[in-house]
Amino acid sequence: MKRIAVFGSTGSIGVQTLAVAKELKEEMEVVALSTNRNIDLLEEQIRFFHPRLAVVKEKELAPVLQERVKDLPVEILSGMRGLRQMAVMEEADTVVMSLVGNVGILPTYEAICAKKNIALATKEVLVSGGSLIMDAVKTHGIQLTPIDSEHSAIFQCLQAAHGNSVEKILLTASGGPFRGKDRAFLENVTPEMALHHPNWSMGAKITIDSSTLMNKGLEVMEAKWLFDVDVNQIEVLVHPQSLVHSAIEFTDGAILAQMGVPDMKIPIAYALTYPARMQSSFERLDLTKAATLTFEAPDRENFPCLTLAYEAMAEGGLLPTVLNGANEVAVERFLKGDIKYLDIPRAIRAAMEAYDNHAVTSIEDLLEADRWSRAFAANWRV
């Protein structure tokens, strides 16, 4: 019986993780859940799964939830302190990390140090803390398995590589809702327009990142750490149909790809059951109805966030942390109508240029760089 703690259980990935857990109810126990502030859904999840612990990030809502579930034997905690306790709880052997943003770094690091296996959906954990996180994974001998559809695809392809040398990782991207649009169009993009993704149902922040191609930039950075490759070995391909989830190219020129319907439950299930595959009722890909598969190079001129990510990763140090923190705040400001769509990459570029970059030596370095970048982006003006 696998015992899982689901961070961000009321978000898109968390909800789909619990759908997988229902399918695997004979093999999987949900022992902990967390939310930022959606206590209505969290209460429903608690009543269905009967976890031993639940955490509410917004502290003022924890007493409200405690009162609602006082008839159940569940402990309610709050804030970062609660998330950290959830990360190291004895009852869990696997942590599903699907918090949005850098808030997931510290709980993930502490879960690894407590020898919990990690099913990772929070790409910022490796974007900001790649070297520290991967060193901890090696030191403590735990299994870190990716949940992102693209990284899961690469991970699955590598299982079939049998040690043969991989020359290149081909990371696919849908292109988002504004593929093919020019700068004049992008200058007038509204939050409502950017929140309409053509293929995937995701949270607001990730959907905006997908539209700017920052999501793909973060995935490039994550792939570098997950698969121990040079960032220049990772090529982004725009694939609007989102059926080829990613691929690897061997040194002899052969390409191995992973395909499937755009359904996150499939990579979530693989991350939780690896190396086995579960029998599921999930939708299948009918290749006779898949129509044409197309691929094209990303438009880096009109979508500069992808280039910013490559630059941050190439320079290294704490610059990826700065890029990520500045992006989170810039996206928040765009969603509130405080800045324009194309101001997102402008704010990130300004933060990267203003930061006095240096090497990562501790988790405190990451947290301080994150604080600096957020403050910079919050005060940035055109």
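All of the numbers you see were taken from the coordinates with simple rules; none came from a lab. Keep in mind that what you see is a predicted model, and the values were worked out from it rather than measured. For neighbour counting, all protein chains shown are included, and Cβ atoms are generated from backbone atoms with ideal geometry for every residue, glycine included.
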Region 1-48 shape via C-alpha gyration tensor axes, a/c threshold 1.5: prolate
For region 151-315: rounded, prolate or oblate by the Cα gyration tensor [a/c cutoff 1.5]: oblate
Sorted by Cβ neighbour density within 10 Å, fewest at the top, the residues H245, H197: H197, H245
Dimensionless Rg ratio for region 325-382, taking C-alpha atoms and the 2.2 N^0.38 Å reference: 1.14
Spacing of the two label points (7 Å from each Cα toward its C-beta) at E187 and N232, in nm: 3.6 nm
Sorted peptide list for 203-209, 321-327, criterion being average Cβ within 10 angstrom, highest first: 321-327, 203-209
Bridge type composition, region 156-264 - antiparallel percent by DSSP, nearest 5: 65 percent
Where the Cα pairs of region 47-140 fall when distances are cut into 5 Å bins, in %: 3, 14, 22, 23, 18, 12, 6, 3, 1
Amide H within-cut-off set for A173, under 5 Å, with H built and near neighbours excluded: L237, V238, H239
Peptide ranges 308-316, 57-65 listed from the most packed, as the mean C-beta count within 10 angstrom indicates: 308-316, 57-65
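Taking the Kirkwood radius as the inverse of the mean 1/r across Cα pairs, report the Rg/Rh of the chain. Before the final figure, lay out the partial values.
Working: Rg = 20.2 Å, Rh = 21.2 Å.
With Rh from the inverse mean 1/r over Cα pairs, Rg/Rh is 0.95.
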Placed amide H near Q258: partners under 5 Å, 5+ positions off or other chain: H245, S246
